[in-house]
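No lab work stands behind these numbers, since they all come straight from the coordinates. Please read all numbers here as calculations on a predicted model, not as lab measurements. Every residue, glycine as well, gets a Cβ built from its backbone with ideal geometry; the counts of neighbours run over all protein chains shown.
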Amino acid sequence: MTFSVAAPPAVAVELFGVPRLLAAQRHVVVAGRTLGEVAGALAGACPALLGPVLDPGTGWLVDGYIFVAGERFSRDPGRVLGEGASVLLVSSVAGG
Amino acid sequence: MHGTHGRFLRVDLTERSVAAEAIPDTVFAGLIGGIGLASWLLVRHCPPGADPLGPENPLVFASSPFVGTGVTTASKIAVAAKSPQTGVIGDSLSSSYLAIALKRTGFDALVVTGRAATPTVLVVDDGRVSYRPANDLLGLAPERVAETLRAELGGGFRVAAIGVAGERGVRYAAIANDGRLAGRTGSGAVMGSKGLKAIAIRGSRLPAVADPKGLAAAARDLAGRSRGPATAKYREVGTAANLAFFDRIGVLPTRNFQSGHFAQAEAIGGETLLLEHGTDKHGCAACTVGCEHHYRTRDGNGGPETDARLEYETLFALGSLCGVGDPNDVLRAAARCDDLGMDAISAGATIAWAMECRERGVDLGSPMDEVPAFGDGPAVLRALDAIGARTGIGDLLAEGSRRAAEIVGQGSDAWAMHVKGLELPGYDPRKLQTLALGLAVGTRGACHNRSSAYEVDLSDRLDPDAEATMRATAAAAAEDQAAILDSLTLCKFLRHAFADLPAEAAALHSLVTGSPTTADDLLRSGERITNLKKGFNIAQGWTRTDDTLPPRVLSATPEAPTDLSRPWLDQMIAAYYGVRGWAADGTIPLAHSARIGLSGLVE
């Protein structure tokens, strides 16, 4: 008996503010089933985010940043994303 | 109390009289300073029914115990008066050196009443008062006024000045100092109504703090944290970073709130501006964040370009709200608002109201070519000049959107986007429900700085389906936190640099004042200050019907869906009054006033 594991879905990540400036791009497409996996994949796709935005140790967001997935703000790495999901990465410091 | 002088300077311009009056320690203990102190002085000196542009309306400038202590971002001055725009409390904050200069005079606050017989500069030099004729300064931009006076009086002076808008009584005129503005609610018009073109202040006497060594260590620690990720957005991109993101999530007010999306958002977004127009950045006095980004137009074809300071609120109001997508036009308009000395939010929003009038064929009593069309950047610039000079269509628009709609009629109040006469900031409340409540009940009208409830909506802290009491609790807490920061005169951009804001701010307060202060003390002060301001409004004629939102945001259109409705807003407002301990009609029961320790501070 063989098992096949589906490849994680492609997720379009739109970058705003500091993440956009560091990555020098507005959109990145990575693979991931959860926000945690997306963050990990982002670290590979945009190494400039490591440190200022992504914790090099955990691969997760440092304080001060948040994802928006499906119109919900989330810092939950376990949040599951659907097929064709679009995710925004932005400062969690609102306002000004 | 350490960190304060315990007195304020009262100057009456009609009589040219000067008096030093005491501020009891109980006022600082109960209301902190800054906006709390300014509100207290306003309540004491502004009679009910006062004409906001009359001599009886006091113009208050107040510092706080933190000013001049070296605590990062604390160099802010609070300004208060009865607003000529709203008829209720007009309070604003402006950063930088003026606050330190005032504190050095030996007074914690300055209260100006009366009206000068001729245009005047009030000079306060270490507590000594003199007057200088201001005829030669009329018509000058605030920055030029400051340059002139500093060259004449000496570099140690710091200057608060009005521009042409304040001279001409534009109801949303601002007071400028050190390149910053006490922008909202029209304090510049109040200053102009007093015949006061400028106030020049110098001093040499800061009060001692209780624990200088302890404070220095705590201030160093906070300064270090202020340079971390909690402020990276402001330092690296500036508040303009909001624009492209707000557009993406549909909360960017566009074409007078007809939509939450702007097709040219990326062209005027903060990231684009920084890369294509950014020149340098600055910080206010005693600030380690440095959020103020400067930009330059890039379409001069070899001719002179325009330099501008730009914040998100200016950007949205003169950009997407007016449908203007050329960054050069927006930068020029921002610089013009600073030169004229007026609030860019209210200016842009009132122009956007006129643009919609044009679109709908409403007669504004001026030739149609004077009324700008959506997207016409050069026409916005012409309208700003006309407003400053109060000529042509500008005379109507200088009244602000509420009054202009009342004058014009023809149903145009339906798209006058204000609360209590103060135009909405750059957050579309249709999708930001907690903020919607905060804007509706705000004591100075539709203000994101006094409410800060957008932070709840733009986070994972509250379920999108949260019921009314949860929203009310969050809105009240956001309002009280803003009152604490505004009274400590700490910058709101610092708020996430604290792990526990009330506790750490209380510890700093103890080190400055020598009066042991707990987090609960500060939280109670925040509540007290909000109630004090509301009490002022009630005395000036506020009624329950004033707590509302523009009808446009309460009903959906295909371009602008809304999560709000009149019944839902009313439900949230009722819950908010309940959370506050107020009566169902929004008034403050005497017993509540006594319970929160407010009755002992005001008569």
- Item | Simple spin-label estimate for B:Glu559 and B:Ser515 in nanometres, 7 Å along Cα-Cβ | 5.2 nm
- Sum -39500 (n - 2.57) across every DSSP H segment of at least 4 residues in chain B, then divide by the residue count to get the 222 nm mean residue ellipticity, nearest 500. -11500 deg cm²/dmol
- Message: If I take R0 = 22 Å and measure r between the Cβ atoms of B:Ser130 and B:Arg7 in this structure, what FRET efficiency does the formula 1/(1 + (r/R0)^6) give, to the nearest 0.05?
- Response: 0.65
- Cβ charges +1 (Lys, Arg) and -1 (Asp, Glu), total dipole of region B:215-276, debye: 280 debye
- Task: Over region B:210-253, consider all pairs of different Cα atoms and compute the Kirkwood hydrodynamic radius from their mean reciprocal separation; express it in Å, one decimal.
- Result: 12.8 Å
- Note on the structure: Per the charge dipole of region B:433-595 (beta-carbon charges, Lys/Arg positive, Asp/Glu negative, Cα centre), the residue among B:Ala436, B:Leu549, B:Ala503 reaching farthest to the positive end is B:Leu549
- May I ask you to order B:79-89, A:48-58, B:521-531 by the average number of other C-beta atoms within 10 Å around their residues, highest value first? B:79-89, B:521-531, A:48-58
- Message: With just the Cα atoms defining each centre, how far is region A:23-96 from region B:143-194? Give it in Å.
- Response: 45 Å
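To the nearest 20 Debye, how big is the dipole of region B:433-595 about its Cα centre, given +1 on the beta carbon of each Lys and Arg and -1 on that of each Asp and Glu?
580 debye
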- Query: When DSSP assigns beta bridges and you keep just the ones with both residues in the protein assembly as shown, what percent turn out antiparallel, to the nearest 5?
  - Reply: 80 percent
- Task: Taking all pairs of distinct Cα atoms, average 1/r, flip it, and tell me the Kirkwood hydrodynamic radius of chain B in Å to one decimal place.
- Result: 23.8 Å
- Query: Taking the Cα centre of the protein assembly as shown as the origin, how large is its charge dipole in debye, to the nearest 20, when only Lys and Arg (+1) and Asp and Glu (-1) carry charge on their Cβ atoms?
  - Reply: 1380 debye
- Item | Cα lying deepest toward the dipole's positive end in chain B, options B:Ala74, B:Gly394, B:Thr4, charges on Cβ | B:Thr4
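Over chain A, calculate the relative contact order: mean separation of alpha carbon pairs under 8 Å at least 6 apart, over the residue count, as a percent.
After rounding, I find 33 percent.
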- Tell me, what is the percent relative contact order of chain B, built from C-alpha pairs under 8 Å that lie six or more residues apart? 15 percent
- Using every alpha carbon pair in region B:108-233, what percent of pairs falls into each 10 Å bin from 0 up to the bin containing the largest distance? 12, 35, 25, 19, 8, 0
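What FRET efficiency would be calculated for the residue pair B:Arg566, B:Asp465, taking the C-beta separation as r and a Förster radius of 22 Å, to the nearest 0.05?
Here the calculated transfer efficiency is 0.70.
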- Query: What is the mean number of Cβ atoms from other protein chains located within 10 Å of the Cβ atom of each residue in peptide A:20-32, rounded to a whole number?
  - Reply: 2
- Pop out the ³J(HN,Hα) list for region B:291-308 in order, Karplus 6.51 cos²θ - 1.76 cosθ + 1.60 with θ = phi - 60°, rounded to Hz; leave Gly and Pro as x. 9, 7, 9, 10, 9, 9, 5, 9, 9, x, 6, x, x, x, 9, 10, 9, 9
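What ranking, highest mean first, results for peptides B:152-159, B:485-492, B:436-443 when packing means the other Cβ atoms within 10 Å averaged over each residue? All intermediate terms of the calculation are to be shown ahead of the outcome.
Working: B:152-159: 17.0, B:485-492: 26.1, B:436-443: 29.2.
Descending packing order for the listed peptides: B:436-443, B:485-492, B:152-159.
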- Query: Taking neighbour Cβ counts within 10 Å as the exposure measure, how do B:Asp108, B:Asp343, B:Asp395 sort from fewest upward?
  - Reply: B:Asp395, B:Asp108, B:Asp343
- Theoretical gain in end-to-end length, B:Ala19 to B:Asp363 [0.36 nm per residue, Cα-Cα removed]: 118.8 nm
- Farthest toward positive dipole pole in the protein assembly as shown [+1 Lys/Arg, -1 Asp/Glu at C-beta], among B:Pro133, B:Gly238, B:Leu564: B:Pro133
- Which three semi-axes in whole Å describe the equivalent ellipsoid of region B:201-293, each the square root of 5 times a Cα gyration tensor eigenvalue, listed largest first? 37, 15, 14
- Residue by residue through region B:461-473, which ³J(HN,Hα) values in whole Hz follow from phi under the Karplus form 6.51 cos²θ - 1.76 cosθ + 1.60 (θ = phi - 60°), with glycine and proline marked x? 7, 9, 5, x, 9, 3, 7, 4, 5, 5, 5, 5, 4
- Task: Using just the helices of chain A, give the 222 nm mean residue ellipticity in deg cm²/dmol: DSSP H runs with n ≥ 4 each add -39,500 (n - 2.57), and the total is spread over all residues, rounded to 500.
- Result: -5000 deg cm²/dmol
- Whole-percent pair-distance distribution, where bins are 10 Å wide, for the alpha carbons of region B:7-202: 10, 42, 39, 8, 0
- Scattering profile of region B:312-386 at q = 0.12, 0.16, 0.20, 0.23 Å⁻¹ [log10 I(q)/I(0), Debye over alpha-carbon scatterers]: -0.26, -0.47, -0.73, -0.96
- Message: Counting only other residues whose beta carbon sits under 15 Å from that of A:Ala43, what net charge do I get with K and R as +1, D and E as -1?
- Response: -2
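One-quarter of the Cα convex hull surface for region B:433-595, in nm²?
Values: hull surface 42.1 nm².
Average projection, Cα convex hull of region B:433-595: 10.5 nm².
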- Item | Virtual spin-label span in nm between B:Leu206 and B:Arg524, 7 Å along Cα→Cβ | 3.0 nm
- So the angle from the long Cα axis of helix A:35-45 to the longest Cα principal axis of chain A, reported in degrees to the nearest 10, equals 80 degrees
- Task: Grab every C-alpha pair in the protein assembly as shown, bin the distances at 20 angstrom width from 0 up to the longest one, and report whole percents.
- Result: 19, 54, 25, 2, 0
- Given a cut-off of under 8 Å on Cα pairs at least six residues apart, what relative contact order in percent is computed for region B:453-579? 31 percent
- Task: Any chance you could get the radius of gyration and Dmax over the Cα atoms of region A:1-65, in Å?
- Result: 13.1, 49
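Counting Lys +1, Arg +1, Asp -1, Glu -1, what net charge surrounds B:Met572 among other residues with beta carbon under 13 Å of its beta carbon?
-2
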- Note on the structure: Rh_Kirkwood(region B:315-358) over Cα pairs, Å, one decimal, evaluates to 10.2 Å
- Message: Within 12 Å, Cβ to Cβ, of B:Gly36, how many net charges do the neighbouring residues add up to if Lys/Arg are +1 and Asp/Glu are -1?
- Response: -2
- Any idea what diffusion coefficient region B:133-204 gets from Stokes-Einstein, in µm²/s, Kirkwood Rh on alpha carbon pairs, 10 °C, 1.306 mPa s? 134 µm²/s
- Query: What Cys residues in chain B are without a partner cysteine, judged by a Cβ distance under 4.7 Å?
  - Reply: B:Cys46, B:Cys291, B:Cys322, B:Cys337, B:Cys357, B:Cys447, B:Cys491
